[in-house]
Amino acid sequence: MVVLVLLTLLIALAALSVAALLWRRLRSYDEGPGAPLPADVAGLRAEVAALRTEAATSLKHLAVVRYDAFGDMGGQLSWSMAVVDDGGDGVLLTSIHGRSDARSYAKSLAGWSCAQQLSPEEEKAVEQARGSR
């Protein structure tokens, strides 16, 4: 019985030693708000900042508006799609479906506006893409 108690105390003392060592190591990383960051943490922060800058110019806002371009056609087979970045630069694609053919159009967007006149459906697609930010 005495051996079991001594063995338990020895294990508890070893666990306490390991915990104290880990506590000291963790405290060395947290020396206050003015303490310099370890090199790997500073490097990761720089990478995250670069990725955020790059992501701002990626085409990530998308909106599709489906509609019937002609009164005698059903099924909403015509569509307008806006694909833009955070600044509103991108492309507006439109496909008009008729009985005998389909026509496609592409218009460039800069700053959420277009040099060509937009149809109401195209304007709606641009506004929906803008709202997805």
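Within the stretch 92-115, no residue that is on the phi > 0 side of the Ramachandran plot sits with its Cβ atom under 6 Å from a residue that is surrounded by fewer than 13 Cβ atoms within 10 Å (Cβ to Cβ) and of a type in the set (D, E, K, R) at 6+ positions apart or across chains.
The number of residues in the stretch 81-133 that are of a type in the set (S, T, N, Q), part of a helix (DSSP H, G or I) and loosely packed, with under 12 Cβ neighbours inside 10 Å comes to 0. Out of Val18, Val84, one residue alone is at pLDDT 85 or above and assigned by TED's automatic domain parsing to the domain that holds Trp112. It is Val84.
Contact map, the stretch 54-77: residues that are outside any helix (DSSP H, G or I) and surrounded by 11 or more Cβ atoms within 10 Å (Cβ to Cβ) paired with residues that are modelled with pLDDT of 90 or more and among the β-branched types (Val, Ile, Thr), Cβ distance under 7 Å, separation 6+ or inter-chain. Pairs shown: Leu59/Val83; Leu59/Val84; His61/Val84; Leu62/Val83; Ala69/Ile96.
The values are calculated or read from the model by the stated rules, or taken from the named source; none is laboratory data. Please read these numbers as outputs of a predicted model, since none were measured by experiment. Using ideal geometry, Cβ is built from the backbone for each residue, glycine included, and neighbour counts are taken over all protein chains shown.
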